[in-house]
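Quick notes on the structure that follows.
The values are calculated or read from the model by the stated rules, or taken from the named source; none is laboratory data. Just so it is clear, the model here is predicted, and its values are computed rather than measured. Cβ: placed from backbone, ideal geometry, glycine included. Neighbour counts: every protein chain shown.
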Amino acid sequence: MIEISTDINKAKKILENNELVAIPTETVYGLAGNIYSETAIKKIFETKKRPFYNPLIVHIHNKKLIDEIAINIPEKARILADAFWPGSLTLLLEKNNKIPDIVTAGRNSVAVRVPNHPLTLELLKVLNFPLAAPSANPFGSISPTRAQHVADYFSNDIAMVLEGGNCENGIESTIIGFKNDEPIMYRLGSISIEEIEVLVGPLKVKNHSEKLPESPGMLSRHYAPKTKTILVEDIEKELSLHTDKRIGVIVFKTIIDKTNINYTEILSEKGDLKQAMSNLYAAMHRLDKLKLDLIIAQKFPEEGLGKSINDRLERATKE
Ligand code: TXA
Ligand code: MG
């Protein structure tokens, strides 16, 4: 049985024993294992039912450790690490030979970040190895933003979730890689395009490549509820087309016509995109448990973090 606990020493012992612990981060919970233990890394892939071609993010507690993970680090990568670490930015860099191939799925790049959660930073500090951690959900399903979400998925598969409360940002980190030392965004995430561009200039965004993605996280069906989900501009109009169904809605600030809705998730009554982002996955988890016929989500404003929220909602609609 899975234990939900704040006991860092216990987490340390489990990890040192080549087993997995789910860890809190400020984005989503991760399913963590020792990057140098082939046993642990294999368990990550098996537990998530994740294909071995899809590489993992390496988590470190201090940006100074970056040189043990990567080589030939572009100047703009250092600028971004200085600005955002600890935080929700993952850098794709040329890998140091010390990093086992199974972690990077045989690629010569490695994904790395310093997460911003006090418990996990403390845990990383007492370990003498970094942690590989994908989001702690079965491949393709909604990422967990509460310890209980992890327990719901993996109660029989892992020994422990380190209890770190609700994830503050609530969607995954933003992934930035480099070509000829210039930044490319491979995954929209908790840090907006605008926040990055202020520091390093215009960004190429390659978030949606369908075939042979350079970052496999761009596979379009991802973050998906089991319930059929659609994303629309005009939610009131859409509702009038489905009067015979049991419906849940996800809206930004408010909803006017409530007549045939069974359940409403308002993500931020005060209209704050960051708060909406933080609530998104928990709302999707709740709606998905209600055995509804349909989830209708409202498109968010295409600006700042609204773009990241729309990205996850769009992926949730893919069959
Ligand atoms: O916020 C986050 O990033 C969370 C927390 C736990 O840190 N982690 C997370 O991991 O979202 P995961 O595995 O669910 O998503 C990481 C994405 C995957 O889509 C993977 O394909 C991509 O990063 N990735 C990792 N290493 C890569 C590499 N070497 N080259 C290209 N893409 C890589
Ligand atoms: Mg994931």
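Some notes on this structure:
- Filter pass, Leu280 being in a helix (DSSP H, G or I) and buried (at least 24 other Cβ atoms within 10 Å of the Cβ): yes
- None of Leu65, Leu131 is in contact (Cβ under 8 Å) with a residue 24 or more places away in the chain and crowded, with 23+ Cβ neighbours inside 10 Å except Leu131.
- For Lys98, the stated conditions hold: it is in the same structural domain as Phe139 (by TED's automatic domain parsing), modelled with pLDDT of 95 or more and part of a loop (DSSP other than H, G, I, E, B).
- Filter result (farther than 22 Å from Arg107 by Cα and either within 16 Å of ligand 2 (Cβ to nearest atom) or not aliphatic (A, V, I, L, M) (or both)) within the range 123-148: Lys125, Asn128, Ala136, Asn137, Pro138, Ser141, Ile142, Ser143, Pro144, Thr145, Arg146, Gln148
- Leu162 fulfils the conditions (1) within 16 Å of ligand 2 (Cβ to nearest atom); (2) crowded, with 17+ Cβ neighbours inside 10 Å; (3) not hydroxyl-bearing (Ser, Thr, Tyr) except for a single criterion, (1).
- Residue check for Ala151: more than 16 Å from ligand 2 (Cβ to nearest atom) and either more than 17 Å from the chain's Cα centre (by Cα) or under 16 Å from Thr6 (Cα atoms) (or both): yes
- Residue match in the range 253-260 (condition: in contact with a helix residue (DSSP H, G or I) (Cβ under 8 Å, 6 or more places away or on another chain), among the acidic types (Asp, Glu) and not assigned by TED's automatic domain parsing to the domain that holds Val150): yes
- Among the residues of the range 4-62, those that are closer than 28 Å to Met284 by Cα, touching a helix residue (DSSP H, G or I) at 6+ places or on another chain (Cβ under 6 Å) and surrounded by fewer than 19 Cβ atoms within 10 Å (Cβ to Cβ) comprise Ile4, Phe52, Asn54.
- The numbered conditions (1) in contact (Cβ under 8 Å) with a residue 60 or more places away in the chain; (2) under 18 Å from the mean Cα position of the chain (by Cα); (3) within 21 Å of Glu168 (Cα to Cα) are all true for Thr317 except (3).
- Residue count, the range 117-146 (criterion: within 10 Å of ligand 1 (Cβ to nearest atom) and either outside any helix (DSSP H, G or I) or touching a Lys or Arg at 6+ places or on another chain (Cβ under 9 Å) (or both)): 11
- Search result, residues across the range 233-260 that are surrounded by 17 or more Cβ atoms within 10 Å (Cβ to Cβ) and among the aliphatic types (A, V, I, L, M): Ile235, Leu239, Ile247, Val249, Ile250, Val251, Ile255
- Being closer than 14 Å to Phe84 by Cβ, modelled with pLDDT of 95 or more and part of a loop (DSSP other than H, G, I, E, B) is not true of Ile176.
- Some residue of the range 105-113 being in a helix (DSSP H, G or I), over 30 Å from Ala147 (Cα atoms) and in contact (Cβ under 8 Å) with a residue 12 or more places away in the chain: no
- Subset of the range 238-279 (residues that are among the acidic types (Asp, Glu) and out of contact with any Asp or Glu (no Cβ under 8 Å at 6 or more places or on another chain)): Glu238, Asp244, Glu265, Glu269, Asp272
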